[in-house]
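Participant: Attaching a single structure in structure tokens format; questions to follow.
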Amino acid sequence: MGLDVDGNPATDANVALNGSMAPIGGPKGSGIAIIMDIMSGARSGAAFTDEVGDQYKDRYQTSGCRSLLNCFIAIKPDVFISTDNFNARITWILWSSVFMALPLLPVMMRCFSR
């Protein structure tokens with residue numbers, strides 16, 4: 001959701017471009033954003049928080065360095081759970097997402113719970 005310069009919800013894209021974006025996922029989304037900012041900015045010595053600048057207005061910056069850094073995180077799931085268990089859980093997430101989009105979900109759930 002876009003916010004105007006005063007932090008109020010904005011439905012006009014031009015107003016939102018002059019303001020900011022609300023974090024996706026509420027408090028959890030904010031937490032993930034802060035962790036990523038720490039990992040890719042503060043911890044590395046690159047720009048972070050408002051030092052990064054506007055990704056749209058500064059997109060074609062031709063002078064100076066923007067001091068940006070990418071953070072890549074690789075996780076080996078089988079350190080925590082077996083590969084089969086991980087694959088089953090991911091399959092469940094993907095299939096449940098598909099089923100959640102279907103209006104017949106209650107009927108399907110009754111069929112699968114037998």
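Participant: Quick check: residue separation of residue 110 and residue 43 times 0.36 nm, minus the Cα distance between them. What number comes out in nm? Write down the numbers at each step before the final one.
Facilitator: Values: separation 67, 0.36 × 67 = 24.12 nm, distance 4.99 nm.
Extra length available between residue 110 and residue 43 comes to 19.1 nm.
Participant: Further question on the same structure: What ranking of 80, 72 emerges when the number of other C-beta atoms within 10 Å of each C-beta is taken as an exposure proxy, fewest first?
Facilitator: Numbers: 80 9, 72 6.
With the sparsest Cβ surroundings first, the list reads 72, 80.
Participant: Treat each spin label as a single point 7 Å out from the Cα along the C-beta direction, and report the residue 95 to residue 51 distance in nm.
Facilitator: Label-label distance for residue 95 and residue 51, simple model: 4.8 nm.
A short reminder: the numbers here are calculations on the coordinates, not readings from a lab. As the structure is a prediction and not an experimental result, all values here were calculated from the model. Don't worry about glycine lacking a Cβ; one is built from the backbone with ideal geometry, like all the others, and counts go over all protein chains shown.
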